[in-house]
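The values are calculated or read from the model by the stated rules, or taken from the named source; none is laboratory data. What you see is a predicted model; the values in this text were computed from it and never measured. Note: ideal-geometry Cβ built from the backbone for every residue, glycine included; neighbour counts use all protein chains shown. The area values use the complete protein model at the heavy-atom level, side chains included, leaving out ligands, DNA and RNA. Shrake-Rupley method; radii C 1.70, N 1.55, O 1.52, S 1.80 Å.
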Protein chains: 2
Amino acid sequence: MAEENVIYVGNKPIMNYVLAAVTQFNNGASEVVIKARGRAISRAVDTAEVVRKKFLTDVEVKDIKIDTETVKTEQDEMNISAIEIYLSKP
Amino acid sequence: MAEENVIYVGNKPIMNYVLAAVTQFNNGASEVVIKARGRAISRAVDTAEVVRKKFLTDVEVKDIKIDTETVKTEQDEMNISAIEIYLSKP
């Protein structure tokens with residue numbers, strides 16, 4: 001998958017990510033992946049739900065993966081949960 | 001699925017939910033569902049990851065569903081995202 005079809009959800013308003021996803025589908029993408037880590041995971045789910053329920057009702061959730069990533073800080077390592085939501089358009 | 005195999009994740013420490021899930025598997029459950037809404041969604045993912053990476057390494061993520069639920073408040077209705085994580089043990 002092309003890197004431009006991946007949306008990393010962070011702390012911005014959800015609509016930013018929703019519009020990014022809608023734009024990619026409208027530009028011809030057949031699949032968009034929404035990724036997030038830690039507390040932003042809830043916002044990634046919000047993003048996916050708003051895209052498919054409010055904007056592009058033919059978009060489906062094709063797959064959802066969860067994983068644990070290890071993040072290195074200055075003194076330590078910590079584990080953080082991550083999610084990938086695969087949206088596809090017929 | 002029996003209702004006792006469903007764990008609702010809220011605002012308590014994640015270990016509460018992890019231990020609830022581990023206990024259910026150890027009591028013979030072959031499937032446990034972890035559910036959460038809104039901001040607790042990130043904690044549901046944390047719970048699933050800790051269960052299968054730290055405690056019961058044979059447990060797998062069988063399915064993940066996301067949806068939007070409508071919650072009625074006194075004057076209004078609001079939409080809230082929800083997640084269901086299906087964990088299974090062979």
Inside segment A:1-87, counting only strands (runs of 3 or more DSSP E) that do not spill past its ends, which hold 3 or more residues that are more than 12 Å from the chain's Cα centre (by Cα)? A:60-72
B:Asn79 vs (1) more than 14 Å from chain A (Cβ to nearest Cβ); (2) touching a strand residue (DSSP E or B) at 6+ places or on another chain (Cβ under 7 Å); (3) open to solvent by 20 Å² or more (accessible area, probe 1.4 Å): all pass except (1)
Per the filter on segment A:23-53, residues open to solvent by 20 Å² or more (accessible area, probe 1.4 Å) and either in contact (Cβ under 8 Å) with a residue 12 or more places away in the chain or under 13 Å from A:Ile83 (Cβ atoms) (or both) are A:Gln24, A:Ser30, A:Glu31, A:Lys35, A:Arg37, A:Arg39, A:Arg43, A:Asp46, A:Val50, A:Arg52
Unique residue being closer than 15 Å to A:Ser81 by Cα, buried (at least 16 other Cβ atoms within 10 Å of the Cβ) and either more than 12 Å from chain A (Cβ to nearest Cβ) or among the β-branched types (Val, Ile, Thr) (or both) when the list is B:Val18, B:Val9: B:Val18
Would you confirm whether any residue within segment A:21-28 is within 14 Å of another protein chain (Cβ to nearest Cβ), touching a strand residue (DSSP E or B) at 6+ places or on another chain (Cβ under 6 Å) and not aliphatic (A, V, I, L, M)? no
Return yes when A:Lys65 is at the interface with chain B (Cβ under 9 Å from one of its Cβ atoms), open to solvent by 40 Å² or more (accessible area, probe 1.4 Å) and of a type in the set (D, E, K, R) and no when it is not. yes
